[in-house]
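Data block below; observations after.
Values quoted throughout were computed directly from the atomic coordinates according to the rules given, and no laboratory measurement underlies them. Keep in mind it's a predicted model, so treat the numbers as computed, not measured. Here Cβ is always computed from backbone atoms with ideal geometry, including for glycine, and neighbour counts include all displayed protein chains.
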Ligand SMILES: [Zn+2]
């Protein structure tokens, strides 16, 4: 059955107007932490992990990405992109990491290049392709499991009609996939964004999600001015006059951070002798993070006078520019805070310009990591039998983020199902969609797909015996037969390649 708009609206959940952006002081002691991590998968430089939207036509394993045409059919580009950016901001708000939106030049998915900070596109590239029945999206695991540009990439199922704040909620799915892209596995906590099955709109991380992401990256960290709680009020501003170049009248402060949703970061500066009549202040999270910033400039004589105030709620990664009159010797107060109540905190840079010369944007921190070999969990000869009858079904494939159902895990593998341990199937992730893999188009958004037995898309059909294919590695790629089988299974979206063996490593999840 196709999810209609009518059906969708029935399930729509109103957003809660106030959302916490800080981990509440919840007592984690004594409760079970149900998250899982894909450790050692994590990004080398968490201070700036980039993401990008693949332009339509980007080659994803032989298919043409259709992210824009798919999502534009449900909402204006700015709207659906904002939902995905908000999902990124969620994770950034709770851990010591920044997620920054960057352009994408449309180079083929998995093309050779930097593991992190490839100049052509984001570390986490986002596209859409037909993924078959039941799958909402799939994510390639971050490095070092995937060592090249495919690491962390997210593919939405173009056969799903996503919703904005309802239906199959785009932000909820995006947040789940970002969690994978950052190194989290599925959680068994039904309240968690990382719960393996979509069961409704979730617009904030759970305590379990927060514990999981902080186990990988740590909690948000205050910057050099705000450590120990300093410079958080107008009475204790950080004096940054010494940062101003006396000739050009410019200052650049990098690696600043709004670390708490209720935090104000106060600066004071005295205009240098060369001041030519104005002070221009840039607060930049563009290209640096998903912070939605706010800036206010005061002049202090006998009282504080508000000279300028700009706020950018829900603009995740932007630059605020304010220009106010300035004379030499005049003292200003600048306060930066989070504009929105949701997903709004994170890194930024601050620029001051008392002169008239051009000032380039704040450059990002160095985060380049060259491509590395993919890492697997073991040799391909360790392919394991797995099925309901042999006890080898593990938690890794009992949880899937594949269908809107309140009764997950209803998929039953046929008794003779065979799962290939990923092992050293190096590069298979790059061949998620083999050229001769035909997706089941059109596929209903929900419910079983009407497919012929034997294709692997029918739960009653024989499984494809990929473990019997005697995989031969050639140039790091499995044989076409294995590749096809894996692709077909991935196309199902209901089977994780894996086993109950804890040493297994999965390249891709959903
Ligand atoms: Zn998942």
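Key figures for this structure:
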{"quantity": "Peptides ranked, highest mean first, by Cβ atoms within 10 Å: ranges 352-359, 71-78", "calculated": "352-359, 71-78"}
{"quantity": "Percent of beta bridges antiparallel (DSSP, region 227-353, rounded to nearest 5)", "calculated": "95"}
{"quantity": "Residue 105 paired with residue 234, simple spin-label distance in nm, labels 7 Å along Cα-to-beta-carbon", "calculated": "4.9"}
{"quantity": "Mean Cβ count within 10 Å, highest first, over the residues of peptides 177-183, 330-336", "calculated": "177-183, 330-336"}
{"quantity": "Estimated distance in nm for a label pair at residue 262 and residue 248, the labels positioned 7 Å out from Cα along Cα-to-Cβ", "calculated": "4.0"}
{"quantity": "Förster radius 25 Å - calculated FRET efficiency between residue 357 and residue 255 (Cβ-Cβ, nearest 0.05)", "calculated": "0.60"}
{"quantity": "Rounded FRET efficiency, nearest 0.05, which uses the C-beta distance separating residue 72 from residue 221 and R0 of 35 Å", "calculated": "0.40"}
